[in-house]
Amino acid sequence: MSHHLVVRVVSKLLIPFILLFGLYVQFHGDFGPGGGFQAGVIFAAGFILYALVYGLDNAKRIIPEKYIRAGVALGLLIFAGTGVASLLMGGNYLDYSVLAEEAPKGQHLGIFVVEFGVGLTVASVMIVIFFAFAGRDHQIDEKEE
């Protein structure tokens with residue numbers, strides 16, 4: 001890995017900007033193009049780039065698999081929990097209007113929370129899928145030894 005110096009240096013410079021852009025798309029998603037799905041894919045792409053350049057073991061050291069799998073479940077719970085909260089507050093499932101005193105504020109809050117849940121789930125699932133496919137070589141090599 002150390003013989004790809006240019007790739008390592010350029011990726012080290014780009015990865016923070018990729019993650020920052022993912023956060024921008026996440027938080028700008030309720031005002032314009034973007035949102036949870038796009039932000040989750042961008043965020044996962046930055047992390048996957050790190051894993052490709054610096055190795056799968058280093059990537060797993062930064063974010064262990066148990067935290068990524070928890071991110072999948074937590075994102076889904078955030079999404080579904082927003083809908084249940086709407087039901088408990090007297091509205092329909094995912095009727096954001098009831099989440100605040102004023103309907104527009106409730107809708108803004110609901111969209112923000114749901115998009116966060118979607119972004120967390122998508123990023124986590126993309127990383128889990130990458131770990132599953134990238135780790136196949138490690139598993140095969142270990143079985144052969």
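No value in this document is a laboratory result; all are computed from the given coordinates. Quick caveat: nothing in here was measured; it's all calculated off a predicted structure. Virtual Cβ from ideal backbone geometry, glycine too; neighbours counted across all protein chains shown.
What is the calculated FRET efficiency for VAL9 to GLU65, with r their C-beta to C-beta distance and R₀ = 22 Å, to the nearest 0.05? Working shown, then result.
Numbers: r = 28 Å, r/R0 = 1.27.
Here the calculated transfer efficiency is 0.20.
Would you calculate a helix-derived [θ] at 222 nm for the chain, using -39,500 (n - 2.57) for each DSSP H run of n ≥ 4 and dividing by the full residue count, to the nearest 500? Walk me through the intermediate numbers first.
Working: 6 runs with 115 residues, N = 145.
-27000 deg cm²/dmol, from helical runs alone.
Return one number: the angle in degrees, 0 to 90 and rounded to the nearest 10, between the long axis of the Cα atoms of helix 65-88 and the longest principal axis of the Cα atoms of the chain.
10
Student exercise: in the chain, how many lysine pairs 8 or more apart or on different chains have Cα atoms under 27 Å apart?
4
If the chain between LYS105 and ARG136 were fully stretched, how many nm would it gain, using 0.36 nm times the residue separation less the Cα-Cα distance? Could the numbers behind the result be given before it?
On the way: separation 31, 0.36 × 31 = 11.16 nm, distance 4.69 nm.
Stretched out fully, the LYS105 to ARG136 stretch lengthens by 6.5 nm.
So what's the angle, to the nearest 10 degrees on a 0 to 90 scale, between helix 5-28 and the longest Cα principal axis of the chain?
10
Mind checking the angle between helix 103-134 and the chain's longest principal axis? C-alpha axes, 0 to 90 degrees, to the nearest 10.
That helix lies at roughly 20 degrees to the long axis.
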